Amino acid sequence: MKDATLLQKIEAYLFYEGGTATVKSVAQVTGATVEDIEKALNELCQIYNDNHGITVIRTETEVSLRIAPS
């Protein structure tokens, strides 16, 4: 598991943003590198895409948390 604190910071920031955030802005806010954010986002995708009501939506440069389709 990736650093749980980093995962929590990413989750909190994405909820706070309430929309789409750039990976770069997530890195700046958390103090992590873009590479570390990318790795953590991969883990968040695995966590949320396993029967959760929330899903992670990603593009090459942006990320958001959304309600999962039913």
Computed about the Cα centre, the charge dipole of the chain from +1 Lys/Arg and -1 Asp/Glu charges at the Cβ has a magnitude in debye, to the nearest 20, of 120
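Given a 1.4 Å probe, how much area per residue of the stretch 24-70 is accessible, in Å²?
Ligands and nucleic acids excluded, the result is 65 Å² per residue.
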Percent carbon-and-sulfur accessible area, the chain, ignoring ligands, DNA and RNA, probe 1.4 Å:
50
How would the stretch 7-47 be classified by its alpha-carbon gyration tensor: rounded, prolate or oblate, with rounded meaning a/c under 1.5 and the a/b versus b/c comparison settling the rest?
oblate
Summing +1 for each Lys or Arg and -1 for each Asp or Glu, what net charge is found among the other residues whose Cβ lies under 11 Å from the Cβ of Leu65?
0
Of the labelled options [x] 0.97; [y] 1.25; [z] 0.93, which one gives Rg/Rh (Cα atoms, Kirkwood Rh) as computed for this structure?
[z]
As a check on your grasp of the helix formula, calculate [θ] at 222 nm for the chain: sum -39500 (n - 2.57) over DSSP H runs of n ≥ 4, divide by the residue count, round to the nearest 500.
-16500 deg cm²/dmol
For the stretch 62-68, just list the computed ³J(HN,Hα) in residue order, Karplus coefficients 6.51, -1.76 and 1.60, θ = phi - 60°, integers in Hz, with x standing in for Gly and Pro.
10, 8, 8, 9, 9, 5, 6
Among the GluC sites (Glu not before Pro) within the chain, which fall in a DSSP loop and have no more than 15 other Cβ atoms within 10 Å of their own Cβ?
Glu60
Additional length obtainable on full extension of the chain from Gln28 to Tyr16, 0.36 nm per residue less Cα span:
2.9 nm
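The values are calculated or read from the model by the stated rules, or taken from the named source; none is laboratory data. Note that this is a predicted model, so its numbers are computed, not measured. Cβ: placed from backbone, ideal geometry, glycine included. Neighbour counts: every protein chain shown. These area figures cover heavy atoms from the full protein model, side chains too; ligands, DNA and RNA do not enter into them. Shrake-Rupley method; radii C 1.70, N 1.55, O 1.52, S 1.80 Å.
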